[in-house]
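A short reminder: the numbers here are calculations on the coordinates, not readings from a lab. Remember, predicted model here, so these are calculated numbers, not experimental data. Cβ coordinates were reconstructed from backbone atoms using ideal geometry, including for glycine residues, and neighbour counts include every protein chain displayed.
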Amino acid sequence: MSVSIIAGPAGTAAVEMLTRAAAGYHISLFVPSLGAEPDEVIRRITAIAEKGETDRLVIQCEADKPVMAYASLFVENQNMPTLADIARLAGVAFAIEPGTILDLPSCFIAEQLEFVSDIFVQATSEDETFGLARSIALTLNPRANVTSLNETRIDAWARSSAGCFDFDDAMNNAGWRQLLEGSSPAFKRVTAFPYLARRPFHPGRFWKLLQHDLAGVFRAKGFFWLATRMDEVGGLNLAGSELHCSSAGKWWAARDDATRQAEMPERTRREWQEPFGDRRQSLAVMGLDIEPKILQDRLGACLLTDSEMAEGENNWSAFADPFPSWSAHAHVHHHHDECDHEHGDEHECCHH
């Protein structure tokens with residue numbers, strides 16, 4: 001059985017269009033019950049597949065549940081039951097109003113936009129907001145097919161059965177990851193660039209930048225190094241006015257020699273630089289109507305100066321550090337290449 005997933009603030013409008021357009025073609029709609037557990041969803045979709053009465057199943061996500069939660073049910077997993085053997089996930093779509101994109105989305109919305117294969121913008125292609133919303137969406141997710149939402153397009157998407165959604169590719173190739181790998185998107189009014197450096201940030205100056213000097217930035221994600229926290233990787237996840245900073249585990253440089261020799265990834269070995277090893281700044285930044293050099297200079301001003309570097313690590317620990325205490329929390333780690341420092345769980349710089 002072929003399955004597609006639709007989510008997003010305009011998901012209900014998309015489903016209503018699909019229902020009108022799908023006359024004569026057996027498309028079944030599955031809406032999980034509020035708070036449904038994965039086992040229940042798997043059981044109900046399995047029952048639908050076994051009946052063999054539908055050409056295509058469309059799952060409408062709950063508004064408060066990320067689309068990744070449903071997509072993961074179609075991935076083979078030796079440790080838990082999935083739908084991989086009885087259904088094929090053909091596509092994952094997100095339907096959204098252009099204003100929601102232009103108003104700088106939350107992390108919850110941004111991460112779903114980065115994940116899906118198709119983005120439907122609830123506006124006509126002639127609408128003046130559509131072009132800019134499309135540019136922002138493609139900066140967040142260069143892999144996505146971004147089109148206006150109408151009955152013809154949503155019907156074509158639901159009927160298509162040729163594709164096969166690649167979960168790993170979706171998790172590992174968001175726009176921010178591609179920026180850190182060297183991509184250079186170019187859209188009118190939208191700026192995106194990687195910020196890379198091998199000096200630590202002064203915690204006070206970087207905190208001030210994050211709180212007050214990022215006007216126009218709609219997405220920033222990656223990891224960072226604070227002079228006062230030599231062992232811990234800082235994970236940054238910013239979307240719109242929402243900002244999360246948390247521990248992303250330990251730098252490999254903070255581990256013992258035996259652990260590094262046995263477990264450190266080859267990529268980290270290639271990029272290792274003494275005297276600080278793998279410690280570095282690696283941030284992807286996306287903004288609307290911003291001057292990249294100004295923002296790059298502001299980030300550069302947060303790095304320790306030559307005189308501060310000369311003071312050494314013992315003196316850095318005395319710097320005022322306004323960042324809250326970081327505590328480890330449960331995550332699912334998905335991307336080992338870019339996020340190659342040592343940690344036990346998923347973290348904000350690399351999770352969905």
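Observations on the structure shown:
- The protection proxy used here, the mean number of other Cβ atoms lying within 10 Å of each residue, ranks peptides 262-272, 58-68, 109-119 as follows, highest first: 109-119, 58-68, 262-272.
- Relative packing of 234-244, 202-212, which averages over residues the other C-beta atoms within 10 Å, highest first: 234-244, 202-212
- Remark: the Asn150-Cys164 segment gains 2.8 nm on full extension, using 0.36 nm per residue and subtracting the alpha carbon distance.
- The aspartates and glutamates whose alpha-carbon is closer than 12 Å to the alpha-carbon of Lys293, local same-chain residues fewer than 8 away aside, do not include any residue.
- Remark: the stretch 49-56, residue by residue, has Karplus-estimated 3J(HN,Hα) of 5, 5, 5, x, 9, 10, 7, 7 Hz, where x stands for each Gly or Pro and the curve is 6.51 cos²θ - 1.76 cosθ + 1.60 at θ = phi - 60°.
- The chain, relative contact order in percent, only Cα pairs under 8 angstrom and at least six apart counted: 17 percent
- Note on Glu181 and Ser317: their simple-model spin labels are 3.9 nm apart, each label 7 Å out from Cα toward Cβ.
- When +1 charges are put on Lys and Arg Cβ atoms and -1 charges on Asp and Glu Cβ atoms, the dipole computed for the chain relative to its Cα centre reaches about 560 debye.
- Residues Lys65 and Ser125, FRET efficiency given R0 of 22 Å [Cβ-Cβ distance, rounded to 0.05]: 0.15
- Computing Rg and Dmax of the Cα atoms in Å for the structure here picks out one of [x] 22.1, 75; [y] 19.7, 62; [z] 20.0, 59, namely [x].
- Inter-part distance where the stretch 23-65 and the stretch 146-179 are each reduced to a Cα centre, Å: 19 Å
- Within the straight-line cut-off of under 27 Å between alpha carbons, the lysines reachable from Lys65 are Lys221, sequence neighbours fewer than 8 places apart in one chain being disregarded.
- Fraction of beta bridges assigned by DSSP in the chain that are antiparallel (%, nearest 5): 55 percent
- The chain, helix-only ellipticity at 222 nm - DSSP H runs n ≥ 4, -39,500 (n - 2.57), divided by all residues, nearest 500: -9500 deg cm²/dmol
- Considering only Ala227, Ala93, Ala318, the Gaussian network model of the chain with Cα springs below 10 Å gives its largest mean-square fluctuation to Ala318.
- Karplus (6.51, -1.76, 1.60) ³J(HN,Hα), θ = phi - 60°, over the stretch 73-88, in Hz, Gly and Pro reported as x: 6, 9, 9, 4, 8, 5, 9, 7, x, 9, 9, 4, 8, 10, 8, 10
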